[in-house]
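**Q** I'd like to ask some things about the structure below.
Derivation of every value follows stated rules applied to the coordinates shown; laboratory data play no part. Everything numeric in this text was worked out from a predicted model, so none of it was measured. Note: ideal-geometry Cβ built from the backbone for every residue, glycine included; neighbour counts use all protein chains shown.
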Amino acid sequence: MDETVLIAIVEVSALIFARMRMSVEGLDEDATFTEGYELPPEHAQRVPRRYIGKILSRERAAALLDQLQRREKQAPRQTARRR
């Protein structure tokens, strides 16, 4: 049995819709859905559009998450301004 792990990043309003969308678009062909996770909003907004709706290897997904976390640390912090 092939134990290859693949990750898909899809833009949906609820996690259950991610699974449905994967099926409808045929992205789950020859795959078994096992788990799903929601990206934190600060990471989700920084995912490059070219990765949305794509299947990524575990290694590529880990590299993308690392990249998002580094960008978060480098992003200037917004502070509230008083009037």
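**Q** Among Ser13, Ser57, rank each residue by its count of other Cβ atoms within 10 Å, from fewest to most, as a rough exposure measure.
**A** Numbers: Ser13 7, Ser57 12.
Ranked by crowding around the Cβ, least crowded first: Ser13, Ser57.
**Q** Which length gain, in nm to one decimal place, applies between Ala44 and Ala31 when the Cα-Cα distance is subtracted from 0.36 nm times their residue separation?
**A** Gain in length upon complete extension: 2.3 nm.
**Q** Ranked by Cβ crowding within 10 angstrom, fewest neighbours first, how are Lys54, Lys73 ordered?
**A** Lys73, Lys54
**Q** Hey, of [x] 29; [y] 49; [z] 45, which did the structure itself give for percent of Cα pairs over 18 Å apart when calculated?
**A** [y]
**Q** Turning to a different aspect of this structure: Put +1 on the Cβ of each Lys and Arg and -1 on the Cβ of each Asp and Glu in the chain; which of Ile16, Gln74, Ala31 then has its Cα farthest toward the positive end of the dipole?
**A** Gln74
**Q** Additional query: Just want to confirm a number: the relative contact order over the chain, from Cα pairs under 8 angstrom separated by 6+ residues, in percent.
**A** 42
**Q** Just subtract the alpha-carbon distance of Leu65 and Ile52 from 0.36 nm times their residue separation and send over the number in nm, one decimal.
**A** Numbers: separation 13, 0.36 × 13 = 4.68 nm, distance 1.35 nm.
Difference between extended and current length: 3.3 nm.
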